[in-house]
Amino acid sequence: MAKKPLLEFTDRGIYCAQGKFYIDPWKPVDDAVITHAHADHAYWGHKHYLAHHLSREVLLYRLGEINLQTVEYGETVLKNGVSISLYPAGHVIGSAQIRVEYKGEVWVVSGDYKVENDGISTPFEPVKCHHFISECTFGMPVYQWKPQVQTFNEINNWWHNNIENGLATVIVGYSLGKAQRILQNLDLFNGKVYTHGVIENTNEALRRNGVLLNPTERITQESLKEEVRKGIIIAPPSSVGTAWMRKFQPYSFGYCSGWMAIRGAKRRRAADRGFVLSDHADWDGLISAIDATGCECVYLTHGYTATFSRYLNEIGFNAREVHTLYGGEEDPSNLPEGEASNAGESEKKVLPLGENLGGVS
Ligand SMILES: [Zn+2]
Ligand SMILES: [Zn+2]
């Protein structure tokens, strides 16, 4: 008789029957363990949340008053004999892989992850397990990231040239993760960093959490166009093509995403520049991460699950696809609109750029 697996895939999310908790559930449950604060993983409506302490303020900002318990990486929480501990996923600040152990059997839920150290998220740490539940957003060989320092050199040079050419610089990345990664890697000798309201709200939440970020200035009605033009503006995907962005004209607009690795992606987003920058593991990163777990079985939750599981089986892993509702902050079908739901508030509610900016010359 086959014994019940420690974690199962249900219509509410990944479930541990022995411990009576869910991991990243998408329907309301009593007990939720959350890998990170992106909207496709952290839903509103659970009775109790467990997450990493660096996710705390962003979760409260996005979900409002919730019953939230936070832990450090490596700390153990027991639920009905099942031990739960969080390990760095390297995806965004506060992101965690969830390790679940019961009677010597170990499962790890990766959440979203990347293996490159981005300098702001605690670097990804491989965790040994029997069963590994992995994302594979970029599980196709065409996705190979170059070291981020190269991409940031391109970004900083582009910004510098824009200043020389009298253009404002608008750089787009989603508000939790990418925006801070960009911020921390900009060459501040070029000028000042301005932020869209959605991004500044997230920055403020992280600062309340004790995260040290470079100085930023929120774009408001009082912002002066000529001043803003000498700096760089970090904006979310939801601002692309809006009146808010048009106020910065003339500008050059750069888009940061893993999808920029494929031809046509830049044109589809009407961007002047596409920068390949992702908070997910690339093809090699996924394979090395899966290999490092030493697992017997891999379950693929979101991304190119069919292609990637076929490949893993060919090279000797025991892999299969599972159906979940994850995928969002960098889902191609969701961009650029995806960011709006991801930001925990609609674009419409964000501080509009005032007439000052349009009028002052
Ligand atoms: Zn994510
Ligand atoms: Zn995700």
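The values are calculated or read from the model by the stated rules, or taken from the named source; none is laboratory data. It should be emphasised that the depicted structure is a prediction, and the values quoted were computed from it without experimental measurement. All Cβ positions, even for glycine, are placed from backbone atoms using ideal geometry, and neighbour counts span all protein chains on display.
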Checklist entry - Which ones in the stretch 121-150 are hydrophobic (A, V, I, L, M, F, W, C) and surrounded by 20 or more Cβ atoms within 10 Å (Cβ to Cβ)? => result Phe124, Val127, Cys129, Phe132, Ile133, Cys136, Phe138, Trp145
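So that you can scan it fast, the table gives a plain yes or no per residue for (1) more than 16 Å from ligand 2 (Cβ to nearest atom); (2) in the same structural domain as His131 (by TED's automatic domain parsing); (3) in contact with a Gly (Cβ under 8 Å, 6 or more places away or on another chain):
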position	(1), (2), (3)
Gly241	yes, no, no
Lys247	yes, no, yes
Trp259	no, no, no
Asp284	yes, yes, no
Ser288	yes, yes, no
Thr293	yes, yes, no
Glu296	yes, yes, no
Arg310	yes, yes, no
Asn313	yes, yes, no
Checklist entry - What tally of residues in the stretch 82-139 results from selecting those that are assigned to a loop (DSSP other than H, G, I, E, B), within 16 Å of ligand 2 (Cβ to nearest atom) and over 15 Å from the mean Cα position of the chain (by Cα)? => result 1
Checklist outcome for this item: Scanning the stretch 159-203 for residues that are polar (S, T, N, Q), closer than 17 Å to Asp118 by Cβ and either in contact with a strand residue (DSSP E or B) (Cβ under 8 Å, 6 or more places away or on another chain) or in a helix (DSSP H, G or I) (or both) gives Gln180, Gln184, Asn185, Thr202, Asn203
Checklist entry - Here are some residues: Glu154, Glu116, Glu135, Glu101. Which one is of a type in the set (Asp, Glu), assigned by TED's automatic domain parsing to the domain that holds Ala37 and away from ligand 1 (no atom under 16 Å from the Cβ)? => result Glu101
Checklist entry - Going through the stretch 263-304 one residue at a time, which ones are buried (at least 22 other Cβ atoms within 10 Å of the Cβ), more than 16 Å from ligand 1 (Cβ to nearest atom) and among the hydroxyl-bearing types (Ser, Thr, Tyr)? => result Tyr299
Item to check | In the stretch 14-53, the residues that are within 16 Å of ligand 1 (Cβ to nearest atom) and among the acidic types (Asp, Glu) | outcome: Asp24, Asp40
Checklist entry - If you scan the stretch 43-79, which residues turn out to be among the basic types (Lys, Arg) and surrounded by fewer than 18 Cβ atoms within 10 Å (Cβ to Cβ)? => result Lys47, Lys79
